[in-house]
Amino acid sequence: MAPFRVALSADFRKADGSPLFPDFDLQPLIEAPGVEVLYLDPADSLRADQFADVDALILLTPRFTAESIHPNGRLAVVARFGVGYDNVAVDALTRAGIALVITPDGVRRPVAVSIIALMLALTGRLRIKDRLTREGPDGFNRRAQFMGYGLVGRTLGSLGIGNIGAEMFRLARPFDMAFIAHDPYASPEVARELGVELVELDEVFRRSDVLAVNCPLTADTRHLVNAPRLALMKRTAFVINTARGPIVDQKALTAVLQDERIAGAGLDVFELEPPPADDPLLRLDNVIVTPHALCWTDQCFAGNGAADVRAVLDVQHGRVPRGVVNRDVLDSEAFKRRLERLRAAYGG
């Protein structure tokens, strides 16, 4: 019997072949009967020939396009290490009968904690106060010029109350803030349980003292945060984006920050990643920036890894994994045949 071959994208290991993320425990996969683990060669965009004899892919940052799909029909699942999948051609996977899975349980708490960290750092003016302290007595004596913003009674708004947005509101309960959100797909029952008032899109911009972006990047959400909507915000308001950079029109955001038409922003994601060193956004004192890695912790990577390993092993044994994004694939005859073949080979 041919082994069940699981490929990992090259960015999971260093140039010398050692693991880049040691908290991602591959042992359950390596020790699983019938499984063979391999690493792909480095590539920004994966090639079809890399998957001629691969059953499953665990993917970090390379692009998986329609051209990445090998015509032999062996690949059964692409397991993204995280929840974003804008680097994956989802429709092409569905047409080919390949499941795409993500790891919502692994990132829910770490990303929500990242949002809270940025909120506290921004409202406490942590970046400026850190710089003042490092300037010695002259900076220390200017501290009264940089008063922070209290959170009690302020309004925390969210674009989206899905997996991460809901967790953000749960974590923010002790701050005694008002909660509002815009989410056309939100369950009113879930919103009530969270204490969140569902409002129209423009209203969430007008009323929020802190506005967090917690929606996926789609054709509809690209530049959802744009110049007209930023113009609705209070001068004392903050914007936080830990989702995907292109949801925010970065030029428009830079302009309102330069003119101090809002108080500040916390960004873990950018329209272009990495941003160029001369990007004017990076020179602003009212912005805190992190390199699309604020949620990267030992626990986050352990959780993501464990979820992907479970999903891959489920597919090996012919079971439908958790976290399938392209749910239509479950009705695909090609996907069903793959699961039946694997179930017969490895047992369910």
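The values are calculated or read from the model by the stated rules, or taken from the named source; none is laboratory data. Source: prediction; values computed, not measured. Here Cβ is always computed from backbone atoms with ideal geometry, including for glycine, and neighbour counts include all displayed protein chains. For the accessible areas, the whole protein counts, side chains as well, though only heavy atoms, and no ligand, DNA or RNA atoms are used. Shrake-Rupley method; radii C 1.70, N 1.55, O 1.52, S 1.80 Å.
In the elastic network of the chain, a GNM with C-alpha springs shorter than 10 Å, the most mobile of ASP53, ASP130, ASP202 is ASP130. Here the contact order of the chain, divided by its residue count and restricted to Cα pairs under 8 Å and six or more residues apart, works out to 18 percent. Over all other residues within a Cβ to Cβ distance under 15 Å of ARG173, the charged ones net out to 0, with Lys and Arg as +1 and Asp and Glu as -1. Note that the range 74-87 has calculated 3J(HN,Hα) couplings of 7, 4, 10, 8, 10, 9, 6, 8, x, 10, x, 9, 6, 8 Hz, one per residue in order, obtained from phi through the Karplus relation 6.51 cos²θ - 1.76 cosθ + 1.60 (θ = phi - 60°); glycine and proline are x. Shape verdict for the range 109-202, please, from the Cα gyration tensor: rounded (a/c under 1.5), prolate (a/b greater than b/c) or oblate. Prolate, since a/c reaches 1.5 and a/b exceeds b/c. The gain in end-to-end length when the ASP328 to GLU193 segment is fully stretched comes to 45.6 nm, 0.36 nm per residue minus the alpha carbon separation. Remark: the range 230-236, residue by residue, has Karplus-estimated 3J(HN,Hα) of 4, 5, 7, 7, 5, 5, 9 Hz, where x stands for each Gly or Pro and the curve is 6.51 cos²θ - 1.76 cosθ + 1.60 at θ = phi - 60°. Selection among GLY266, LEU122, VAL320 by position relative to the dipole of the chain gives LEU122 as farthest towards the positive end (Cβ unit charges, Cα centre). In terms of the mean number of neighbouring beta-carbon atoms within 10 Å, the peptides 3-16, 93-106 order highest first as 93-106, 3-16.
ALA7 sits among other residues whose Cβ lies under 13 Å from its own Cβ, and their net charge, with Lys and Arg +1 and Asp and Glu -1, is -3. Contact order, relative form, for the range 1-67: 47 percent (alpha carbon pairs under 8 Å, 6 or more residues apart, mean separation divided by residue count). For the range 325-331, 3J(HN,Hα) computed residue by residue from phi via the Karplus equation (6.51, -1.76, 1.60; θ = phi - 60°) reads 7, 8, 4, 4, 5, 5, 9 Hz, glycine and proline entered as x.
Look at where the Cα atoms of the range 142-178 and of the range 62-134 average out, and the two centres are 23 Å apart. Using Cβ point charges alone (K and R +1, D and E -1), the dipole size of the range 1-48 about the Cα centre works out to roughly 160 debye. Rolling a 1.4 angstrom probe over the protein heavy atoms with all chains in place gives the chain an accessible area of 47 Å² per residue. Mind telling me which of LEU272, LEU282, LEU201 comes out most flexible in a GNM of the chain, alpha-carbon contacts under 10 Å? Of LEU272, LEU282, LEU201, the most mobile in the Gaussian network model is LEU272. Could you please report the charge total around LEU26, scoring K, R as +1 and D, E as -1 over all other residues with beta-carbon less than 13 angstrom from its beta-carbon? Spelling it out: positives minus negatives among the neighbours equals -3. Amide H contacts under 5 Å for ILE240: LEU211, ALA212, VAL213, GLY266, restricted to partners 5 or more places along the chain or on a different chain, H placed in the peptide plane at 1.01 Å from N. Gain on full extension, evaluated as 0.36 nm per residue between ARG235 and ARG341 minus their Cα-Cα distance, stands at 32.1 nm.
Expressed as a whole percentage, what fraction of the accessible surface of the chain belongs to carbon and sulfur atoms when a 1.4 Å probe is rolled over the protein heavy atoms? Of the solvent-accessible surface of the chain, carbon and sulfur hold 53 percent.
Site pair THR65 and ALA178 shows an inter-label distance of 4.8 nm when each label is modelled 7 Å from Cα along Cα→Cβ. If R0 is 25 Å, the Cβ-Cβ spacing of LEU171 and ASP23 corresponds to a FRET efficiency of close to 0.70. The accessible area of TYR149, taken with all protein chains in place and a 1.4 Å probe, comes to roughly 70 Å². Only Cα pairs within less than 10 Å get springs; with that Gaussian network setup on the chain, which residue of ALA121, ALA32, ALA307 has the largest fluctuation? Comparing ALA121, ALA32, ALA307 in the GNM, the peak value goes to ALA32. Note on the chain: with charges restricted to the Cβ of Lys and Arg (+1) and Asp and Glu (-1), its dipole about the Cα centre is near 580 debye. Oblate is the label for the range 301-348, because the ratio a/c of its alpha-carbon gyration tensor axes (a ≥ b ≥ c) is 1.5 or higher and a/b is not greater than b/c.
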